[in-house]
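Please treat every number below as a calculation from the coordinates, not as lab data. Bear in mind that the values here come from a model prediction, so they are computed numbers and not experimental data. So basically every Cβ, Gly included, is an ideal-geometry build from the backbone, and we count neighbours across all protein chains shown.
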Amino acid sequence: MKELIFTARSLKEIKSISEFILDKWSEKVNLKFLQKLKYNFDLLLIDPEIFPANKYNKLRKCYVSKQTTIFYKTVKNQIVIVSVFDTRQNPNKI
């Protein structure tokens, strides 16, 4: 079975998005976001190839919501979460 590995960057981004949601909305909205994120991580564990891969850098893109995208890659028995990108940011930051 594959395991999820989070880069320092992805953990920082999850924390940042969560803090943003808490600041702008509520704990309930933040909990809903975290549940969606967990649901998508569970999907990746079941079938890591479910989402499309970029032919240039081999990163796969999983849309959590219209504001959040997970970028990941598979390496042997690991699914490496490279970034959890908040689309409200400048797209050039990807």
Using the Karplus equation 6.51 cos²θ - 1.76 cosθ + 1.60 (θ = phi - 60°), what ³J(HN,Hα) coupling, rounded to whole Hz, does each residue of the stretch 63-74 give in order, writing x for Gly and Pro? 7, 7, 7, 5, 9, 9, 10, 9, 10, 8, 9, 9
Which FRET efficiency, nearest 0.05, do residue 22 and residue 56 yield, Cβ-Cβ r, R0 35 Å? 0.50
So how far apart, in nm, are the two label points at residue 8 and residue 76 if each is 7 Å from Cα heading toward Cβ? 2.2 nm
Cα coordinate range in the stretch 1-89, projected on the principal axes (Å, largest first): 38, 26, 22
Using 0.36 nm per residue of separation minus the Cα-Cα distance, give me the extension gain between residue 31 and residue 65 in nm, one decimal. 10.8 nm
If you plug each phi of the stretch 40-50 into the Karplus form 6.51 cos²θ - 1.76 cosθ + 1.60 with θ = phi - 60°, what whole-Hz ³J(HN,Hα) values come out, in order, with x for Gly and Pro? 5, 5, 4, 4, 4, 5, 6, 8, x, 9, 5
With axes computed from alpha carbons, what is the tilt in degrees of helix 8-24 against the longest principal axis of the chain, rounded to the nearest 10 within 0 to 90? 30 degrees
Amide H neighbours of residue 4 at under 5 Å, excluding residues fewer than 5 places away on the same chain, with H built from the backbone geometry, are 79
